[in-house]
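The values are calculated or read from the model by the stated rules, or taken from the named source; none is laboratory data. Note that the coordinates shown come from a computational prediction; the quantities given were computed from them, not determined experimentally. Counting neighbours? That spans all protein chains shown, and the Cβs are built from the backbone with ideal geometry, glycine included.
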């Protein structure tokens with residue numbers, strides 16, 4: 001009897017995890033560059049039930065039983081978000097459709113070969129340096145200049161250039177003077193002089209190697225050869241005066257929220273049923 005109780009309880013925990021994931025997506029629906037998370041459920045290993053016989057009687061197979069479900073992970077959906085025009089000179093949006101030779105990706109950015117091998121579409125990111133001096137990656141291109149002339153994110157992290165150092169401009173230069181060229185170099189729009197600063201865009205071959213850290217930042221946790229500067233001629237561009245909206249589907253999020261709630265309530269009723277049955281067994285049948 002308790003097996004069913006445990007299965008229903010694990011279902012409640014899994015649905016709560018889904019609910020938390022969806023509500024986090026909804027809360028970040030207006031966060032630039034935010035990527036939607038999708039909770040993935042997985043069942044516990046199935047058990048094969050058999051009825052053992054007495055003495056030399058044959059064993060009778062009853063069948064399989066599932067022992068519950070759990071929310072295994074919450075991968076984020078790396079699809080391109082819509083662009084919103086802001087006209088701010090230090091707002092930047094990455095638009096990329098990177099390719100892998102001989103591979104065709106579906107709408108979710110995934111390709112499955114005939115032998116079952118899965119390949120994920122590479123993605124491009126702005127490269128920044130956090131307060132601890134560690135390199136991180138983001139799609140949030142809402143930048144500004146701090147008092148020292150450094151190009152920083154909305155959280156104060158310094159944006160890196162192609163030389164691996166934080167981008168810094170001469171004192172007194174105004175945001176309106178900075179113009180980004182097609183090869184991601186900053187020039188002074190008044191004189192068309194090159195500032196010597198070039199935006200570093202990083203290519204990550206498998207976006208699932210990124211770990212979300214919060215504040216729109218990702219830490220790379222993959223092989224060394226799976227990441228590097230974006231090559232010339234790749235299908236990616238930086239749009240100045242735009243930001244990338246989150247790719248959260250509000251309608252789908254609302255549906256997922258209601259589905260998780262209904263499934264949670266269904267599991268809750270099963271737990272209540274088992275609780276009532278155990279109460280009757282202990283307090284009524286047990287007295288006989």
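Does residue 234 satisfy being in a loop (DSSP other than H, G, I, E, B) and in contact (Cβ under 8 Å) with a residue 40 or more places away in the chain? Talk me through it step by step, then tell me what you get.
Working: in a loop (DSSP other than H, G, I, E, B): yes; in contact (Cβ under 8 Å) with a residue 40 or more places away in the chain: yes.
Yes; evaluated as a whole, the condition is true for this residue.
Part of a helix (DSSP H, G or I), out of contact with any helix residue (DSSP H, G or I) (no Cβ under 9 Å at 6 or more places or on another chain) and surrounded by 12 or more Cβ atoms within 10 Å (Cβ to Cβ), is that true of residue 267?
Numbers: part of a helix (DSSP H, G or I): yes; out of contact with any helix residue (DSSP H, G or I) (no Cβ under 9 Å at 6 or more places or on another chain): no; surrounded by 12 or more Cβ atoms within 10 Å (Cβ to Cβ): yes.
So residue 267 fails the test.
Cβ-Cβ below 8 Å, separation at least six or inter-chain, first residue in the range 244-267 and in the same structural domain as residue 109 (by TED's automatic domain parsing) and under 30 Å from residue 90 (Cβ atoms), second part of a helix (DSSP H, G or I) and at pLDDT below 90: which pairs?
Final answer for the pair search is none.
Residues checked against (1) at pLDDT below 60; (2) in a strand (DSSP E or B):
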site: 11; (1), (2): no, no
site: 15; (1), (2): no, no
site: 20; (1), (2): no, no
site: 25; (1), (2): no, no
site: 30; (1), (2): no, no
site: 35; (1), (2): no, no
site: 49; (1), (2): yes, yes
site: 53; (1), (2): yes, no
site: 57; (1), (2): no, no
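Go through the range 157-177 and give me each residue that's surrounded by 13 or more Cβ atoms within 10 Å (Cβ to Cβ), in a loop (DSSP other than H, G, I, E, B) and at pLDDT 90 or above. Show your work before the answer.
Of all residues in the range 157-177, those surrounded by 13 or more Cβ atoms within 10 Å (Cβ to Cβ) come to 157-162, 166-169, 173, 175, 177.
Filter once more, keeping what is in a loop (DSSP other than H, G, I, E, B): 157, 162, 167, 169, 173.
Across the range 157-177, the qualifying residues are 157, 162, 167, 169.
Just to verify a result, which residue in the range 112-146, among those that are surrounded by fewer than 15 Cβ atoms within 10 Å (Cβ to Cβ) and within 22 Å of the chain's Cα centre (by Cα), is modelled with the highest pLDDT?
Only one residue fits best here, namely 134.
Within the range 178-203, how many residues are crowded, with 17+ Cβ neighbours inside 10 Å and not in a loop (DSSP other than H, G, I, E, B)?
Step one: filter the range 178-203 for residues crowded, with 17+ Cβ neighbours inside 10 Å, giving 178, 180, 184, 186-187, 195, 197-203.
Then drop every residue that is not not in a loop (DSSP other than H, G, I, E, B), which leaves 178, 180, 186-187, 195, 197-199, 201-203.
So the count comes out to 11.
Could you list, ordered by first residue, the pairs with Cβ atoms under 8 Å in which the first is in the range 99-128 and in a loop (DSSP other than H, G, I, E, B) and the second is loosely packed, with under 12 Cβ neighbours inside 10 Å, at least 6 apart or interchain?
Within 8 Å, the pairs are 99/235.
Residue 237 passes all but one of (1) closer than 27 Å to residue 24 by Cβ; (2) modelled with pLDDT of 90 or more; (3) in the same structural domain as residue 165 (by TED's automatic domain parsing); which number fails?
Residue 237 satisfies every listed condition except (1).
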